[in-house]
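Visitor: Structure below; questions to follow.
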Amino acid sequence: MEPVEAAARFVREQVRPHLDEWERAARYPREVVRGSGLTGLFSPRDAGGLDLSYPEGMAVFEELGRGDAALAFSLSMHNAVAAAVSGADDDDLRGGWAARLVAGEALGGFSLTEPQAGSDATAITTRATEGPDGWRVTGRKAWVSLAGEADLFLVVCKTSDEPGHRDIAMLAVEREGGGVSFSELYRKASADFLPIAEMTLDDAPGRMLAPPGMGLRAALAAIDVARCDIAAVANGLLAEAIDVALAYGSEREVFGQRVVDHQGIQWALADAATDLEAGRLLTRRAAELLGTPEGSVAVAHAKRFGPDAALRAAILCSEVLGAYGWLHDYPLARLIALAKMLQVVDGTAEIQRVVIARDLLRRAQGR
Ligand SMILES: Cc1cc2nc3c(=O)[nH]c(=O)nc-3n(C[C@H](O)[C@H](O)[C@H](O)COP(=O)(O)OP(=O)(O)OC[C@H]3O[C@@H](n4cnc5c(N)ncnc54)[C@H](O)[C@@H]3O)c2cc1C
């Protein structure tokens, strides 16, 4: 089956019918993810992956966004880890972990953020030190998704006291390798099934994935792909919101005509549909440019636009349902909360503007 079709079926049969149950139990659907066939999207075929091009992968993430953006976010992060480990120089990582991650038998997590370092990744203090028995990591990470659930975390660390990013490295740390513990799970506005917590590393053994000096670049390259995934997820969320509003508004009558026959509603939905078209074009262009010098800025445009447009559309479509938009029977209140989450994950909308503005200024100065 084509990956996009597989993703649509996964959402239809495995995600939508079980979301309420996962939320009530506050339990990550590990077995469902494992059986999804979507855990090695960008990993090479010799590691068992699907080796999708980025535009093909984004079509998959749009489908996942129609189901649940928090689950899609976790799959985006896992796929970034699986792809990085599949391409690692370290034989043990590539040989041992890659196949398990790609098959979904093991889950991957990404630890960059720290309590004092969110948007400014160069302010991290978690420290990796090389000793006779290899690298050890000590520090505290915040907002670690799949906390207690992922088996292997890519941890971004400093390797010296030097300020700045020249010594930053990225290491792979096993959850069960010793020295790793988690705080109580964060209590969030939605997506209770996605565990997020602080992670404490206390002399935890790690394997070098991107050596000092290359760590920030490797992390940002992975984040660029993840930002593009999130733009695609936002497009899916927006498309879902419009579909729900159309279905409801085609049935419900007010003042003698269907809700969707009121011109004010039609124009608002038309604007949302234009945003969807624009979001898809921005995401496709960004996916095509990923890995080139223009990739980061193209991704920033798509990641800035998609979640903002999705949030606007989710609010509008909820209004089309009137009071019913607020009920759990319809997904719109959940879509509003998730669109808000998409604005923040993998770099806030403001940080995307920082990337775009920096490029504008560079061009203005002819550099
Ligand atoms: C659901 C969820 C899951 C997450 N999962 C992970 C994960 O698995 N791993 C991980 O490492 N991180 C994760 N994060 C963390 C996320 O990447 C950070 O929250 C995000 O990068 C922003 O950092 P912060 O919250 O500390 O905001 P801050 O950096 O404290 O920023 C606060 C506000 O100031 C704005 N701001 C910051 N700098 C500027 C500037 N230069 N100009 C203008 N405005 C600015 C920001 O946009 C924001 O509005 C997750 C976050 C969420 C919400």
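The values are calculated or read from the model by the stated rules, or taken from the named source; none is laboratory data. Quick caveat, the model's predicted, so the values are computed rather than measured. Cβ placement follows ideal geometry from the backbone for every residue including glycine, while neighbour counts extend to all protein chains displayed.
Visitor: Pick from SER145, SER119, SER183: which is out of contact with any helix residue (DSSP H, G or I) (no Cβ under 8 Å at 6 or more places or on another chain) and not assigned by TED's automatic domain parsing to the domain that holds LEU93?
Guide: SER183
Visitor: Okay, moving on. Determine if segment 52-64 includes at least one residue that is among the charged types (D, E, K, R) and in contact with a Leu (Cβ under 7 Å, 6 or more places away or on another chain).
Guide: First, the residues of segment 52-64 that are among the charged types (D, E, K, R): 56, 62-63.
Adding the requirement that they be in contact with a Leu (Cβ under 7 Å, 6 or more places away or on another chain) leaves none.
The answer is no, given that none of the residues of segment 52-64 is among the charged types (D, E, K, R) and in contact with a Leu (Cβ under 7 Å, 6 or more places away or on another chain).
Visitor: Counting only residues that are small (Gly, Ala, Ser), closer than 15 Å to SER183 by Cβ and away from the ligand (no atom under 13 Å from the Cβ), give me the strands (runs of 3 or more DSSP E) lying completely in segment 112-170 with at least 2 of them.
Guide: none
Visitor: Six or more apart or on different chains, Cβ atoms under 7 Å: show the pairs whose first residue is in segment 45-73 and surrounded by fewer than 24 Cβ atoms within 10 Å (Cβ to Cβ) and whose second is among the basic types (Lys, Arg) and part of a helix (DSSP H, G or I).
Guide: Cβ pairs passing all conditions: ASP51/ARG45; PRO55/ARG284; GLY67/ARG16.
Visitor: Okay, moving on. Is there a residue in segment 330-347 that is hydroxyl-bearing (Ser, Thr, Tyr) and in a helix (DSSP H, G or I)?
Guide: There is no residue in segment 330-347 that is hydroxyl-bearing (Ser, Thr, Tyr) and in a helix (DSSP H, G or I).
Visitor: Within segment 315-355, track down each residue that is under 24 Å from ALA300 (Cβ atoms) and away from the ligand (no atom under 16 Å from the Cβ).
Guide: Quick first cut of segment 315-355, residues under 24 Å from ALA300 (Cβ atoms) only: 315, 335-355.
Residue satisfying the conditions is ILE315 alone.
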